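The structure follows.
The values are calculated or read from the model by the stated rules, or taken from the named source; none is laboratory data. Since we're looking at a predicted model, the values are computed, not measured. Every residue, glycine among them, receives a Cβ derived from its backbone with ideal geometry; neighbour counts consider all protein chains shown.
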Amino acid sequence: MKLKKILVLIVAVAASVSFAQAADLRVSDGTITSAIENQMPVDRIESYRADFGKLYCFTRIIGGQGDTEVTHVWYYQDNELARVRLPVKSSDWRTYSSKRFLPQWAGEWKVVVLDGEFNEIATIPFSLE
């Protein structure tokens, strides 16, 4: 009987640690950019030409511990077009994903950043003209 109580306590503590890690994860900087150099965005884009071809979503993630990851979900007019899982390997981690665009995809876009448990931690809107 005592072993059961100990196992229940261990499971409860493990679950709360996992939840705490996800709850502490946040985006301290997030932007759409035309290029990444030295793990940093070269510019910050809110609106860009639809025929440019490829853009990047840069995020600086704070609070990662252990095996943590984030997901960049690219949306065009509320339709999911891409989902990229990215590892977070320290408590202050820079990462990015990219998306190629067709000229006919002009309109409203956003990248939703999800934590390892798929909770939304940031949204980065932009538009293509």
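For segment 54-75, how many residues are buried (at least 19 other Cβ atoms within 10 Å of the Cβ) and on the phi > 0 side of the Ramachandran plot? Talk me through it step by step, then tell me what you get.
Of segment 54-75, the ones buried (at least 19 other Cβ atoms within 10 Å of the Cβ) are 55-59, 61, 63-64, 68, 70, 72-74.
With on the phi > 0 side of the Ramachandran plot added as a condition, the list becomes 63.
The number of residues fulfilling the criteria is 1.
Return yes or no: is Asp115 more than 21 Å from Asp43 (Cβ to Cβ), surrounded by fewer than 18 Cβ atoms within 10 Å (Cβ to Cβ) and among the acidic types (Asp, Glu)? Don't jump to the end; show me each part of the working.
On the way: more than 21 Å from Asp43 (Cβ to Cβ): yes; surrounded by fewer than 18 Cβ atoms within 10 Å (Cβ to Cβ): no; among the acidic types (Asp, Glu): yes.
The answer is no for Asp115.
In segment 110-124, which residue that is assigned to a strand (DSSP E or B) and free of Cβ contacts under 8 Å to residues at least 60 places away in the same chain is farthest from the chain's Cα centre (by Cα)? Spell out the reasoning first.
Restricting attention to segment 110-124, the residues satisfying the condition of being assigned to a strand (DSSP E or B) are 110-114, 120-124.
When the remaining residues are screened for being free of Cβ contacts under 8 Å to residues at least 60 places away in the same chain, the result is 110, 112, 114, 120, 123.
Working: Lys110: 12, Val112: 7, Leu114: 5, Glu120: 8, Thr123: 9 Å.
Out of the qualifying residues, it is Lys110.
Next up: Return the total of residues in segment 76-97 being surrounded by fewer than 17 Cβ atoms within 10 Å (Cβ to Cβ), assigned to a strand (DSSP E or B) and either touching a helix residue (DSSP H, G or I) at 6+ places or on another chain (Cβ under 9 Å) or not aliphatic (A, V, I, L, M) (or both).
Summing the residues that are surrounded by fewer than 17 Cβ atoms within 10 Å (Cβ to Cβ), assigned to a strand (DSSP E or B) and either touching a helix residue (DSSP H, G or I) at 6+ places or on another chain (Cβ under 9 Å) or not aliphatic (A, V, I, L, M) (or both) in segment 76-97 gives 6.
Also, quick follow-up: Kindly indicate whether Asp51 is under 14 Å from the mean Cα position of the chain (by Cα) and among the charged types (D, E, K, R).
On the way: under 14 Å from the mean Cα position of the chain (by Cα): no; among the charged types (D, E, K, R): yes.
No: the conditions fail for Asp51.
Among what's in segment 68-97 and is hydroxyl-bearing (Ser, Thr, Tyr) and over 24 Å from Asn38 (Cα atoms), pick the residue that is nearest to the chain's Cα centre (by Cα). Can you show your working first?
Here is the first cut: in segment 68-97, the ones hydroxyl-bearing (Ser, Thr, Tyr) are 68, 71, 75-76, 90-91, 95-97.
Then drop every residue that is not over 24 Å from Asn38 (Cα atoms), which leaves 75-76.
Working: Tyr75: 13, Tyr76: 16 Å.
My answer is Tyr75.
Kindly indicate whether any position in segment 98-108 is among the hydrophobic types (A, V, I, L, M, F, W, C), surrounded by 19 or more Cβ atoms within 10 Å (Cβ to Cβ) and under 12 Å from the mean Cα position of the chain (by Cα).
The initial filter retains those residues of segment 98-108 that are among the hydrophobic types (A, V, I, L, M, F, W, C), namely 101-102, 105-106.
Those still in the list that are surrounded by 19 or more Cβ atoms within 10 Å (Cβ to Cβ) too: 101.
From the residues that got through so far, the ones that are under 12 Å from the mean Cα position of the chain (by Cα) too are none.
No, segment 98-108 contains no residue that is among the hydrophobic types (A, V, I, L, M, F, W, C), surrounded by 19 or more Cβ atoms within 10 Å (Cβ to Cβ) and under 12 Å from the mean Cα position of the chain (by Cα).
Oh, and also: Can you name the residue in segment 62-75 that is assigned to a strand (DSSP E or B) and touching a helix residue (DSSP H, G or I) at 6+ places or on another chain (Cβ under 9 Å) and, of all such residues, is modelled with the lowest pLDDT? Give the derivation first.
Within segment 62-75, the subset assigned to a strand (DSSP E or B) is 62, 68-75.
From what is left, the residues that are touching a helix residue (DSSP H, G or I) at 6+ places or on another chain (Cβ under 9 Å) are 62, 68.
Working: Ile62: 97, Thr68: 93.
Here the answer is Thr68.
Inspect segment 98-110 for any residue being at pLDDT 95 or above and in contact with a helix residue (DSSP H, G or I) (Cβ under 7 Å, 6 or more places away or on another chain) and give the result as yes or no.
Taking every residue of segment 98-110 in turn, none turns out to be at pLDDT 95 or above and in contact with a helix residue (DSSP H, G or I) (Cβ under 7 Å, 6 or more places away or on another chain).
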